[in-house]
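Comments concern the structure below.
Quick note: the coordinates plus some simple rules give every number you see, no bench work behind them. Note that this is a predicted model, so its numbers are computed, not measured. As a convention, Cβ positions derive from the backbone with ideal geometry for all residues, glycine included, and neighbour counts pool all protein chains shown.
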Amino acid sequence: MSWKHGHGNRDNLNNRSNMDPESGLMFRRSDEDLDGEIESLRGKITLLKSVSSNIGEEVSMRNKIISDLENTISKAQSALKGSMRTLNKMYKEGSSANHMTVIVVFVFCIFLLVYFWMRANRFIGYLK
C-alpha cells in the first residue's frame, strides 16, 4: 500500500474517498492488498455460512423436540380427562361417597400395616 500526502494536488481534492480522515494522507491499494482482503472476506463468508447452517439444524432439532413434547402433553391431558370422567362417574353412581371412603380407608390401613411391620423388623433387629 503506498501513501502520499493529500494536500496540494488537485486530483486529491476531487477524490476524497481515498483520503485517510485522521492523517490527511492519500493511499492507493495494490491489487495484492485487495486480493488479500477479498480472500479474507471469502473466509468470513464461508464461516458465516457454516454457522448459519448449524443454527438451522439446531432450530430444526429443537422444533422436533418441542413437537414431540406437545404430543406427549396432549396424550397425558387426554388420559387425565378420561380418568377424571371415570372418577366422576364412579362418584355419581356410588351411594354418596361410599366408594371413595372405602378406598381412602383401605389405603390408610395398608399404610399403617407397612409402618408397623417396618417398626417390628427394626425392633427385632435390635434384639439380635
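Could you check the simple spin-label distance between Arg122 and Ser83, using points 7 Å along Cα→Cβ, in nm with one decimal?
About 3.1 nm, to one decimal.
Using 0.36 nm times the number of residues separating Ser60 and Glu37, minus their current alpha carbon distance, what extension gain do you get?
Taking 0.36 nm per residue and subtracting the Cα distance, the gain is 4.8 nm.
Between the stretch 34-80 and the stretch 108-124, what is the separation of their alpha carbon centroids in Å?
The stretch 34-80 and the stretch 108-124 have Cα centres spaced 55 Å from each other.
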